[in-house]
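Trainee: The structure is given below, and queries will be raised subsequently.
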Amino acid sequence: MENDKNSQKIVDYIQNFARKQSLFVLAYGTGCGAIEIPATMTSRYDAERFGIRGAATPRQADVLLITGYLSTKTLKRVIRVYEQMQEPKYVIGFGSCTINGGMYFDSYNTINGLDQYLPVDVYINGCMPRPEAVISGFVKLQELIQDGKANNGEKYRENLEHYRTNQKKIIKNWKMPDYNW
Ligand code: SF4
């Protein structure tokens, strides 16, 4: 029995180690912060050193990177994208606008607090965060993955009703296919 537990721990460790070293990122460039992504990914900061690279479609992505303010119209598309991603999946909120609305906090059509609508694993603060901060956010996510603490995809599924209620409060014309696992 004890041996089984130890073997499982070793398997989990190797699995999490592999996962954290290979993060395919779908960057949803919603706000001005998106301008920092090319610098982060190209030769000067070279995020691929950390196993961070771009993904072409939601179904190939591990990480959804939201790079700034979100209008309610865009939020609908972001939710659809997130729900098409396979688990394990992670969300990074990039910039103050994703945390509390930033300078758009009292705008009539942008959201305040991305985590009310999607499960955010890591926030990167700043307006706009520099590439060093972006990489540091990814390293934080990698630590959570290694420790087995980045399981928000599962939590989203379990608490879908809570998220749906919040999402439908502000997205009035809700016509989307059901989240289908
Ligand atoms: S946090 Fe600043 S840089 Fe980022 S989207 Fe908001 S206003 Fe733009």
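Rule-based calculations on the coordinates, nothing more; no lab input. On a predicted model such as this, the values are computed, not experimentally measured, just so you know. As a convention, Cβ positions derive from the backbone with ideal geometry for all residues, glycine included, and neighbour counts pool all protein chains shown.
Trainee: Roughly how many nanometres apart are two label points built 7 Å out from the Cα toward the Cβ at Thr42 and Gln84?
Mentor: That separation, rounded to one decimal, is 2.7 nm.
Trainee: Can you work out the FRET efficiency for the pair Arg157 and Ala18, with r the C-beta to C-beta distance and R0 = 22 Å, to the nearest 0.05?
Mentor: Working from the Cβ atoms, E equals 0.45.
Trainee: Let me ask another. Would you calculate the separation in nanometres between label points at Asn100 and Arg164, each defined as 7 Å from the Cα along the Cα-to-beta-carbon direction?
Mentor: In this crude label model, Asn100 to Arg164 measures out at 3.2 nm.
Trainee: Let me ask another. On each of the three principal axes of the Cα atoms of the chain, give max minus min coordinate, whole Å, ordered largest first.
Mentor: 57, 42, 26
Trainee: Further, regarding this structure: Can you say what percent of the DSSP beta bridges in segment 38-181, counting only those with both residues inside, are antiparallel? Round to 5.
Mentor: Around 10 percent antiparallel, to the nearest 5.
Trainee: Pull up all non-local amide H partners of Ile124: gap of 5 or more, or a different chain, and H-to-H distance under 5 Å with H placed in the peptide plane.
Mentor: Result for Ile124 returns Gly93, Phe94, Gly95.
Trainee: Considering Cα pairs under 8 angstrom that are at least six residues apart, work out the relative contact order of the chain and quote it in whole percent. Present the calculation step by step, with values, prior to reporting the outcome.
Mentor: On the way: 286 pairs, mean separation 39.6, N = 181.
The value is 22 percent.
Trainee: What length, rounded to one decimal in nm, is gained on full extension from Tyr179 through to Asn3, with 0.36 nm per residue of separation minus their alpha-carbon distance?
Mentor: So the chain would gain 59.5 nm between Tyr179 and Asn3.
Trainee: Mean-square fluctuation check for the chain, GNM, Cα pairs under 10 Å: which of Tyr45, Tyr90, Tyr82 is largest?
Mentor: Top of the fluctuation ranking is Tyr45.
Trainee: Over 19 Å, how big is the tail of the calculated P(r) for segment 10-98, in percent of all Cα pairs?
Mentor: 42 percent
Trainee: Using only DSSP helix segments of four residues or longer, with each worth -39500 (n - 2.57), what per-residue ellipticity at 222 nm results for the chain after dividing by its residue count and rounding to 500?
Mentor: Mean residue ellipticity at 222 nm (helix-derived): -13000 deg cm²/dmol.
Trainee: How far is helix 131-146 tilted, in degrees, relative to the longest principal axis of the Cα atoms in the chain, given as a value from 0 to 90 rounded to the nearest 10?
Mentor: Approximately 50 degrees, to the nearest ten.
Trainee: Give me the extension gain from Thr57 to Arg77: residue separation times 0.36 nm, minus the current Cα-Cα distance, reported in nm with one decimal.
Mentor: Difference between extended and current length: 5.9 nm.
Trainee: Ordered by residue, what ³J(HN,Hα) values in Hz, to whole numbers, does segment 3-19 give under the Karplus form 6.51 cos²θ - 1.76 cosθ + 1.60, where θ = phi - 60° and Gly and Pro are x?
Mentor: For segment 3-19, the Karplus-derived couplings read 5, 4, 5, 5, 4, 4, 4, 5, 4, 4, 4, 5, 4, 5, 4, 5, 4 Hz, x marking Gly and Pro.
Trainee: Where a Cα-Cα gap under 24 Å defines reach, which lysines qualify for Lys9, not counting those fewer than 8 residues away within the same chain?
Mentor: Lys20, Lys89, Lys140, Lys149, Lys155
Trainee: Show the residues, 5+ positions off or on another chain, whose built amide H is closer than 5 Å to the amide H of Tyr45.
Mentor: It is none; the list stays empty.
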